[in-house]
Ligand SMILES: *Cc1c(COP(=O)(O)O)cnc(C)c1O
């Protein structure tokens, strides 16, 4: 049985007519940089999220960098972010010369634990950066409460959770700014790189547009140091089509997650994801905690089932941050998560029979271990044939 971690080809086949027409339109117009299609996508995405301002950029890492630049984060600044996230969240701040301060996560959601924030705040703290990991919102009310009390801006890294909600509102509309990635495997994926900055502040939006346009409002008049980072018109046209399907994509992921939950419910060695009642999870990843995680991952791969470990090393242990004087609070939940998490195939085209095959293979692994344990060594090897 052919099972993929993400089935981009299957989804394209389903949407091919719409997507090809949108690409054809861009080719006819030959307007490849910004232009009306990109503006149209920015506005459609703003309406979808319920946010006043969206500005498309080159990718999700640029979106973080630009949001940090717009808030003047640089040497002498500190940002607080979870140690359990993709490198880009912290890397973009380090690139600007800021110090990264790592906080621990809530073991249920894998998201920033609001209780860890306060002791890490100093007079240099310039931003709190929660990450909505795997498709589920961080617990935003207590995060916004602490940030508000200290007057610290919040930037939500929403690369993995577009369309998720928290208390009835979309993620990415709580902080001063939020960032998105349209990397092909994300829930709203382009056919290449793409990203966006979301904000509710007109002044911040203006700074973001300026920074991404070489620091100028008008061509050849440069006010601040900026960069070149633009959402490509071809990608915007493709994303405009896919945005219409995003709720259906996320619903398909939720249904697949519910099927996994049922199929794995009585496997004692697996803890399925927890969806907190404060919002809807959009399952960018279906990430379980697994006993003997590395051996299970090897067993799945040997049996032709792809799986992923996001993330095997806390960012606080990455040499790049150790060299840069990063600080950290205690990180027991982060350390444990890096040992236990395993993401199973999850995408919009996943079928029940594929998921049954994944579940049977997982059961087979643990059954083999319990029965193999009392046997003699020579029989253990044979039992795996
Ligand atoms: C994917 C991702 C990014 C970076 O996005 P790119 O478009 O690949 O630059 C940043 N943060 C998180 C949490 C991500 O998952």
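The values are calculated or read from the model by the stated rules, or taken from the named source; none is laboratory data. Values in this document were obtained by computation on a predicted structure and should not be read as measured data. Ideal geometry is used to build each Cβ from the backbone, glycine not excepted, and the neighbour counts take in all protein chains shown.
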Original post:
Before we move on, is residue 85 in the same structural domain as residue 205 (by TED's automatic domain parsing), within 10 Å of the ligand (Cβ to nearest atom) and outside any helix (DSSP H, G or I)?
Top reply: yes
Subject >> Criterion violated by residue 328 - all others in (1) under 22 Å from residue 268 (Cα atoms); (2) modelled with pLDDT under 95 satisfied >> reply: (1)
Original post:
Would you say residue 240 is in the same structural domain as residue 138 (by TED's automatic domain parsing) and in a loop (DSSP other than H, G, I, E, B)?
Top reply: no
Subject >> Residue check for residue 92: surrounded by 21 or more Cβ atoms within 10 Å (Cβ to Cβ), within 16 Å of the ligand (Cβ to nearest atom) and not in a helix (DSSP H, G or I) >> reply: no
**OP:** List every residue pair whose Cβ atoms lie under 6 Å apart, where the two residues are 6 or more positions apart in sequence or sit on different chains, the first residue falls within segment 80-92 and is in contact (Cβ under 8 Å) with a residue 40 or more places away in the chain, and the second residue, located anywhere, is assigned to a strand (DSSP E or B) and within 9 Å of the ligand (Cβ to nearest atom).
**Re:** 82/131; 85/131; 89/131; 89/157
Original post:
Exactly one of (1) exposed (fewer than 13 other Cβ atoms within 10 Å of the Cβ); (2) under 29 Å from residue 95 (Cα atoms) is unmet by residue 9. Its number?
Top reply: (2)
Original post:
For segment 172-189, what are the residues that are in contact with a strand residue (DSSP E or B) (Cβ under 8 Å, 6 or more places away or on another chain), part of a loop (DSSP other than H, G, I, E, B), more than 8 Å from the ligand (Cβ to nearest atom) and under 18 Å from residue 242 (Cβ atoms)?
Top reply: 172, 188
Subject >> The one condition in (1) away from the ligand (no atom under 13 Å from the Cβ); (2) out of contact with any strand residue (DSSP E or B) (no Cβ under 6 Å at 6 or more places or on another chain) that residue 68 fails to fulfil >> reply: (1)
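The rows are residues; the columns are (1) within 16 Å of the ligand (Cβ to nearest atom); (2) surrounded by 19 or more Cβ atoms within 10 Å (Cβ to Cβ); (3) in contact (Cβ under 8 Å) with a residue 60 or more places away in the chain.
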| position | (1), (2), (3) |
| --- | --- |
| 167 | no, no, yes |
| 206 | no, no, no |
| 249 | no, yes, yes |
| 253 | yes, yes, yes |
Subject >> Pair list, Cβ < 7 Å and 6+ apart or interchain, from segment 147-161 residues that are assigned by TED's automatic domain parsing to the domain that holds residue 310 and within 28 Å of residue 189 (Cβ to Cβ) to residues that are within 10 Å of the ligand (Cβ to nearest atom) and assigned to a helix (DSSP H, G or I) >> reply: none
Original post:
Which of the residues spanning segment 32-45 are more than 16 Å from the ligand (Cβ to nearest atom) and closer than 22 Å to residue 226 by Cβ?
Top reply: 32, 33, 34, 35, 38, 39, 42
Subject >> Leading residue by the ranking (nearest to the ligand (Cβ to nearest atom)) among those in segment 95-121 that are without any contact (Cβ under 8 Å) to a residue 60 or more places away in the chain and within 20 Å of residue 150 (Cα to Cα) >> reply: 112
Subject >> One residue from 50, 56, 60 being within 10 Å of the ligand (Cβ to nearest atom) and in the same structural domain as residue 203 (by TED's automatic domain parsing) >> reply: 60
